[in-house]
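The values are calculated or read from the model by the stated rules, or taken from the named source; none is laboratory data. These numbers were taken from a predicted model, which means no experiment stands behind them. Cβ placement follows ideal geometry from the backbone for every residue including glycine, while neighbour counts extend to all protein chains displayed.
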Amino acid sequence: MQLSNLFLILSLALGFGALHAMDTDHLLTLANVSPKKTSIRQTIRFCSRWALGHGAAVIMIGCLVLIFQMAIPHTLANVAEHLVGLILVSLGMLVLIQSAKNLIVIKQPGTPHVAHQHAGQASSVHHHRVIGIGFLHGTSGSATLLALLPMTQLHSAWLGMAYLLFFSLGVLLAMLVFGGVLGGLFRTLGQRYLHALSVLRLCIAVVAMVIGGLMLVAQT
């Protein structure tokens, strides 16, 4: 294969990975579980864990297809999509309740430190569990279209694996950027505009519940 063609394939994989990372369900999940009272570096690290879990799922499925010539059941993505919907609804409900409590506490005079403390305790998902959530996302949705289907058109197994690696790298790079923006936004609002942070989180929670509910309905 010519070097120019190889560069084109891997560039497309990188771009498709970055595009896939920006799926609505991905961003809503991380916006609901990422730590709210932390440094930008920690938020980036948090989103990176999700990307690593996502990449592990894509590469594992790719190995089964390319190396072991296995057919991946279509129901696998459907089940994963259903579970992602459940996660979005559950996270949305938890964050919705916490945001409502924060707004009530903020309105009470003389208790700003309490409100700030609660605002930093929104995440109910530990960092190591985000890898599992990313793994679940990697088996569902558009990953099959953007990564696995183009990969099956490549005649070389090694080229197919390189495609998957660059696809996952694109996801990771996009999550690094998203984590930096998200961490900066939450940190700024948490320090200066605590009420706005609670309102923003409440809106994100509602949208997550709606999107999760639509995903559940689509899988029934």
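Numbers at a glance
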{"read-out": "Looking only at segment 91-132, and only at residues there that are within 15 Å of the chain's Cα centre (by Cα) and part of a helix (DSSP H, G or I), the one that is modelled with the lowest pLDDT", "value": "HIS127"}
{"read-out": "All positions within segment 173-220 that are within 23 Å of VAL79 (Cα to Cα), modelled with pLDDT under 90 and buried (at least 20 other Cβ atoms within 10 Å of the Cβ)", "value": "MET215"}
{"read-out": "Qualifying residue in segment 17-29 (condition: under 15 Å from MET161 (Cα atoms) and surrounded by 16 or more Cβ atoms within 10 Å (Cβ to Cβ))", "value": "yes"}
{"read-out": "Condition met for SER39 (surrounded by fewer than 18 Cβ atoms within 10 Å (Cβ to Cβ), under 22 Å from ILE131 (Cβ atoms) and either in contact (Cβ under 8 Å) with a residue 12 or more places away in the chain or of a type outside the set (A, V, I, L, M, F, W, C) (or both))", "value": "yes"}
{"read-out": "Residue within segment 200-208 that is part of a helix (DSSP H, G or I), more than 17 Å from the chain's Cα centre (by Cα), small (Gly, Ala, Ser) and more than 21 Å from ALA71 (Cβ to Cβ) present", "value": "no"}
{"read-out": "Residue match in segment 21-35 (condition: outside any helix (DSSP H, G or I), within 15 Å of the chain's Cα centre (by Cα) and acidic (Asp, Glu))", "value": "yes"}
{"read-out": "Test: residue in segment 148-164 that is more than 28 Å from SER11 (Cβ to Cβ), surrounded by fewer than 17 Cβ atoms within 10 Å (Cβ to Cβ), at pLDDT 80 or above and among the aliphatic types (A, V, I, L, M)", "value": "no"}
{"read-out": "Failed item, numbered, when SER168 is tested on (1) surrounded by 14 or more Cβ atoms within 10 Å (Cβ to Cβ); (2) within 30 Å of ALA71 (Cα to Cα); (3) modelled with pLDDT under 90; (4) hydroxyl-bearing (Ser, Thr, Tyr)", "value": "(3)"}
